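The values are calculated or read from the model by the stated rules, or taken from the named source; none is laboratory data. Small disclaimer: the values here were computed from a predicted structure and weren't measured. Neighbour counts are summed over all protein chains in view; Cβ atoms, including those assigned to glycine, are modelled from backbone coordinates with ideal geometry.
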Amino acid sequence: METVEMYHITYQKPNVTLLQESGLGVAEIAARTCYDSFENSENECIKHAMEKLDTDAINKIEKSDLLANLAWVHHHHSIIEHATLSYLIRGTSRGVLQEHARHRLQAISVRSTRYTMSGVINAFVASMEAEDGFAFFLEKLLEMDLFVITDKAYLTIEIRAIYDKLTLQYHKDATFLQNAVAKSSLPFVETYKGDAQTLYEALQCGKKKRNVGDAFKHIVSDNWKVDMVVTFNIRSLKNYFNLRDSGAAWFQIQWLAEEMKKVTPEKYLKLIDKKYKDI
């Protein structure tokens, strides 16, 4: 992943892949239905849609004069809600996720800390058997590439905070191990007492504790890296790009908007971005 320095801190930029696009055809069909003007379409499959419906051809059209006219002359944007795009986003932050969630008209599915934190918890449990527990924990978490920030000095502070919070919880909670480790893996804690590395490997290979994150989500910061899939209709995407691909937006979500725009086919951008309108 590309890295960039901001305010003397080095960050990883997110990676974005376009998973699917619905095409423009359904949106033009919707518009033509409103006006009963199918015969005026420059697309033959739309012109004859009410006589012979060729959905494959309709979903492959590359432009629509009617949609462009409605979008830029009449500002009738509800029609373009029928066109959707889905993106796979890898390596953005939970801070960006919080900003992203403010855009209500989207479908969003995010990598769950609840189900995916077992490696971190296994590293902590094993660190209790190391001569220098924090050094062991730090080494394991650095290998996991968990954060959008990549500076080791900064990450040492971040991971130290996680370690200290877990240590406090460990000493206060008599059921810590039962919450952290699957029942079938609990015997490893005694079997490999004093051997942090072997214990860690055994826990990693053993059954994962279901919902391990329920008891430990409090350790997660805004710099924690997340993956997600988002689906926008292009009216909502227009609003998203207007607000987030802007110098006024927080730099991390600007990066994400920029990467999303890079993989958005031009035929959609022509309907929602003035820079592409006359291309």
Please identify the pairs in which a residue from the range 153-181 that is within 14 Å of Ala123 (Cα to Cα) and in contact (Cβ under 8 Å) with a residue 12 or more places away in the chain has its Cβ atom under 8 Å from the Cβ atom of a residue that is of a type in the set (Lys, Arg) and assigned to a loop (DSSP other than H, G, I, E, B), counting only partners at least 6 apart or on another chain.
Ala180/Lys209; Val181/Lys209
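Taking the stated definitions as given, is Ala107 part of a helix (DSSP H, G or I), closer than 26 Å to Lys270 by Cβ and either not small (Gly, Ala, Ser) or not assigned by TED's automatic domain parsing to the domain that holds Ala196 (or both)?
Working: part of a helix (DSSP H, G or I): no; closer than 26 Å to Lys270 by Cβ: yes; either not small (Gly, Ala, Ser) or not assigned by TED's automatic domain parsing to the domain that holds Ala196 (or both): yes.
It is false that Ala107 is part of a helix (DSSP H, G or I), closer than 26 Å to Lys270 by Cβ and either not small (Gly, Ala, Ser) or not assigned by TED's automatic domain parsing to the domain that holds Ala196 (or both).
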Working only within the range 59-117, note down all residues that are among the aliphatic types (A, V, I, L, M), exposed (fewer than 14 other Cβ atoms within 10 Å of the Cβ) and closer than 30 Å to Lys209 by Cα.
Ala101, Ala107
Considering only the range 260-279, state which residues are under 12 Å from Leu85 (Cα atoms), under 21 Å from the mean Cα position of the chain (by Cα) and touching a residue at least 60 places away in the same chain (Cβ under 8 Å).
Met260, Val263, Thr264, Pro265
Do the conditions hold for Tyr154, that is, is it in a helix (DSSP H, G or I) and buried (at least 17 other Cβ atoms within 10 Å of the Cβ)?
no
Residue among Glu28, Glu21 that alone is surrounded by 14 or more Cβ atoms within 10 Å (Cβ to Cβ), over 30 Å from Lys152 (Cα atoms) and either under 25 Å from the mean Cα position of the chain (by Cα) or among the hydroxyl-bearing types (Ser, Thr, Tyr) (or both):
Glu21
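Consider Phe188 carefully, then state whether it is surrounded by 16 or more Cβ atoms within 10 Å (Cβ to Cβ), in contact (Cβ under 8 Å) with a residue 12 or more places away in the chain and in a strand (DSSP E or B). Steps first, please.
Values: surrounded by 16 or more Cβ atoms within 10 Å (Cβ to Cβ): yes; in contact (Cβ under 8 Å) with a residue 12 or more places away in the chain: yes; in a strand (DSSP E or B): no.
Spelling it out, it is not the case that Phe188 is surrounded by 16 or more Cβ atoms within 10 Å (Cβ to Cβ), in contact (Cβ under 8 Å) with a residue 12 or more places away in the chain and in a strand (DSSP E or B).
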